[in-house]
Amino acid sequence: MNDKTNAGLFERAQRVIPGGVNSPVRAFRAVGGTPRFIARAQGAYLWDAQGQRYVDYIGSWGPMILGHGHPAVLEAVTKAAADGLSFGAPTEREIELAEAIIALVPGLEQAAMSAIRLARGATGRNRLIKFEGCYHGHADALLVKAGSGLATFGNPTSAGVPPEVVQHTIVLPYNDVAALEAAFSEHARELACVMVEPIAGNMNFVRASVPFMTRLRELCTAHGALLVFDEVMSGFRVALGGAQSVYARLIPGFAPDMSVFGKVIGGGMPLAAFGGSRAVMSQLAPLGPVYQAGTLSGNPVATACGLATLHEIAKPGFFDALSSRTRGLVDGLLEAAREAEIPLSGDSEGGMFGFFFHDSLPQNYGTVMSTDKDRFNRFFHGMLERGVYLAPALYEAGFVSAAHSADDIAFTLEAARQSLRTLRG
Ligand SMILES: Cc1ncc(COP(=O)(O)O)c(C=O)c1O
């Protein structure tokens, strides 16, 4: 009962929590082995229940962009907590957070929370397009995989989701302009929105190509469908202005119609927001007919945490330093793989990165899932044994924080050289 090893805790957890975890990827099923039960974290490190230290490249799946326990964030959270944990009433800090997000993401005029309902309410249409390999949370209508054949609608990926709930969701391959055009030519007049992870972090790390994004914008504009950027992962992570600022640099005049944020805006506490033009956002209750609500929405401690985090990452030079450290990590991994004569490709933007046991960068989910899983799993465990905690599945992205030092990257690359050597043959 009092076994404090990872294995002991996992066994105990499985008696009272389905699969022993509260979010599936934590169970290590993709890579095998025993999940690490984390006891504490500081800066770039996690320590498990057995006292083993790991350099953390998950960063709570993105939010911990400053590293763990950043003093300014802790101070803001402690102060806010002392003033009350939740009120269920408006606070000034919500305004400050909305103002901060709007200031950093050009094109947003109002920020609030339920993007698809709003897109449907604002357009008076029902259908939506999503892309294979993009994840948008566990809402029923989005737990969908492609049906058989282009013209069919999606099938639920989860038991408990009635087929009728996903009948309006069309699932297309990512980065496939022809499939996009075909779907628009058939369904354009019924399309409320197209939802996309512009730089996808749920099929490892895959960028939407510029021609694909350009065509997507053109088609949405031409047919009155809203282009919804899911920047829950990429927002304030790949750049201060999110992935939309990256595409705005590449495509003149580019902007999505709506954007969804999470992760970094809460700085590690539960918080999400979505935003768009004033015209779209004014359709939302209490101004308009589209309902949304939440008892803990705009929570004072979470908003304090998010604000303190945004304040730190907006300091001059923050993203340049984070980007070059992350790029250094990926370049080092690629170099180590070349030395070991193992095919590896990798990419990064800001503080988010990915690598594949594959000779080129995959452009879609099918290719990601066809990369060398056995090598990935052995590499993952090799790194874990050497004190480096990577995401425990080949379809997840990696995250570097401002707390990762040059020494941490060097330590990681030495672990990678050793692990890669064991993968040969
Ligand atoms: C792009 C994207 N959208 C939405 C979500 C859902 O966020 P949450 O797990 O906080 O509901 C995630 C979670 O990883 C995500 O990566």
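Residues that are touching a Lys or Arg at 6+ places or on another chain (Cβ under 7 Å) and closer than 30 Å to Tyr247 by Cβ: does the stretch 87-95 have at least one?
No - not one qualifying residue is present in the stretch 87-95.
Quick one: is Ala80 touching a strand residue (DSSP E or B) at 6+ places or on another chain (Cβ under 6 Å), aliphatic (A, V, I, L, M) and either closer than 30 Å to Val194 by Cα or outside any loop (DSSP other than H, G, I, E, B) (or both)?
No: the conditions fail for Ala80.
Do we have Arg125 as more than 16 Å from the ligand (Cβ to nearest atom), in a loop (DSSP other than H, G, I, E, B) and more than 25 Å from the chain's Cα centre (by Cα) here?
Against the criterion (more than 16 Å from the ligand (Cβ to nearest atom), in a loop (DSSP other than H, G, I, E, B) and more than 25 Å from the chain's Cα centre (by Cα)), Arg125 qualifies.
Is it fair to say Ala141 is modelled with pLDDT of 95 or more, in a helix (DSSP H, G or I) and either surrounded by 22 or more Cβ atoms within 10 Å (Cβ to Cβ) or of a type in the set (A, V, I, L, M) (or both)?
In short, no.
Take the residues in the stretch 219-242 that are under 21 Å from Arg278 (Cα atoms) and part of a helix (DSSP H, G or I); name whichever of them is nearest to the chain's Cα centre (by Cα).
Only one residue tops the list, namely Gly242.
Give the residues of the stretch 246-294 that are hydroxyl-bearing (Ser, Thr, Tyr) and either within 14 Å of the ligand (Cβ to nearest atom) or over 18 Å from Cys193 (Cβ atoms) (or both), sorted by residue number.
Matches in the stretch 246-294: Ser259 only.
Considering only the stretch 6-13, I want to know if a residue exists there that is assigned to a loop (DSSP other than H, G, I, E, B), of a type in the set (Lys, Arg) and free of Cβ contacts under 8 Å to residues at least 12 places away in the same chain.
Within the stretch 6-13, not a single residue is assigned to a loop (DSSP other than H, G, I, E, B), of a type in the set (Lys, Arg) and free of Cβ contacts under 8 Å to residues at least 12 places away in the same chain.
In contact with a Gly (Cβ under 6 Å, 6 or more places away or on another chain) and within 16 Å of the ligand (Cβ to nearest atom): is that true of Thr169 in this structure?
yes
So which of Ala76, Ala80, Ala119, Ala100 ends up being buried (at least 21 other Cβ atoms within 10 Å of the Cβ) and under 23 Å from the mean Cα position of the chain (by Cα)?
Of the residues listed, the single one that is buried (at least 21 other Cβ atoms within 10 Å of the Cβ) and under 23 Å from the mean Cα position of the chain (by Cα) is Ala119.
So which pairs qualify, if the first residue must be in the stretch 264-284 and within 15 Å of Ile101 (Cβ to Cβ) and assigned to a helix (DSSP H, G or I), the second must be among the acidic types (Asp, Glu) and away from the ligand (no atom under 12 Å from the Cβ), the Cβ gap must be under 7 Å, and the two must be at least 6 apart or on different chains?
Pairs that qualify, where the first residue is within 15 Å of Ile101 (Cβ to Cβ) and assigned to a helix (DSSP H, G or I) and the partner is among the acidic types (Asp, Glu) and away from the ligand (no atom under 12 Å from the Cβ), are Arg278/Glu109; Met281/Glu109.
Looking at the stretch 99-122, is at least one residue assigned to a helix (DSSP H, G or I) and either at positive phi or of a type in the set (Asp, Glu) (or both)?
Among the residues of the stretch 99-122, at least one is assigned to a helix (DSSP H, G or I) and either at positive phi or of a type in the set (Asp, Glu) (or both), which makes the answer yes.
Among the listed residues Ala159, Ala103, Ala111, Ala82, which satisfies the condition of being in the same structural domain as Tyr247 (by TED's automatic domain parsing), under 18 Å from Phe229 (Cα atoms) and modelled with pLDDT of 90 or more? Break it down stepwise before answering.
Numbers: Ala159 fails: under 18 Å from Phe229 (Cα atoms); Ala111 fails: modelled with pLDDT of 90 or more; Ala82 fails: under 18 Å from Phe229 (Cα atoms).
Of the residues listed, the single one that is in the same structural domain as Tyr247 (by TED's automatic domain parsing), under 18 Å from Phe229 (Cα atoms) and modelled with pLDDT of 90 or more is Ala103.
Residues to consider are Asp359, Asp347; find the one that is acidic (Asp, Glu) and in contact with a Gly (Cβ under 9 Å, 6 or more places away or on another chain).
Asp347
Take the residues in the stretch 144-155 that are in contact with an Asp or Glu (Cβ under 8 Å, 6 or more places away or on another chain) and surrounded by fewer than 18 Cβ atoms within 10 Å (Cβ to Cβ), then tell me which one is modelled with the lowest pLDDT. Spell out how you get there, then give the answer.
We begin by selecting, within the stretch 144-155, every residue in contact with an Asp or Glu (Cβ under 8 Å, 6 or more places away or on another chain); these are 145-146, 151.
Of the ones still in play, those that are also surrounded by fewer than 18 Cβ atoms within 10 Å (Cβ to Cβ) are 145, 151.
Working: Lys145: 84, Ala151: 45.
Checking each candidate, the answer is Ala151.
Out of everything in the stretch 233-251 that is touching a residue at least 60 places away in the same chain (Cβ under 8 Å) and out of contact with any strand residue (DSSP E or B) (no Cβ under 6 Å at 6 or more places or on another chain), what residue ends up being nearest to Ile129 (Cα to Cα)? Working first, answer last.
In the first step, residues of the stretch 233-251 are kept if they are touching a residue at least 60 places away in the same chain (Cβ under 8 Å); the result is 233-246, 248.
Going one step further and asking which of them are out of contact with any strand residue (DSSP E or B) (no Cβ under 6 Å at 6 or more places or on another chain), we end up with 233, 236, 239-241, 248.
Working: Met233: 19, Phe236: 25, Ala239: 26, Leu240: 27, Gly241: 24, Ala248: 22 Å.
So, considering only residues that are touching a residue at least 60 places away in the same chain (Cβ under 8 Å) and out of contact with any strand residue (DSSP E or B) (no Cβ under 6 Å at 6 or more places or on another chain), the one nearest to Ile129 (Cα to Cα) is Met233.
Filtering the stretch 48-71 down to residues that are closer than 17 Å to Phe236 by Cβ and part of a helix (DSSP H, G or I), which residue is nearest to the ligand (Cβ to nearest atom)?
Trp61
Just a yes or no: is a residue in the stretch 189-201 of a type outside the set (Gly, Ala, Ser), within 30 Å of Ala391 (Cα to Cα) and part of a loop (DSSP other than H, G, I, E, B)?
Within the stretch 189-201, one or more residues are of a type outside the set (Gly, Ala, Ser), within 30 Å of Ala391 (Cα to Cα) and part of a loop (DSSP other than H, G, I, E, B).
The values are calculated or read from the model by the stated rules, or taken from the named source; none is laboratory data. Just so it is clear, the structure is predicted and the values come from calculations on it, not from any experiment. So basically every Cβ, Gly included, is an ideal-geometry build from the backbone, and we count neighbours across all protein chains shown.
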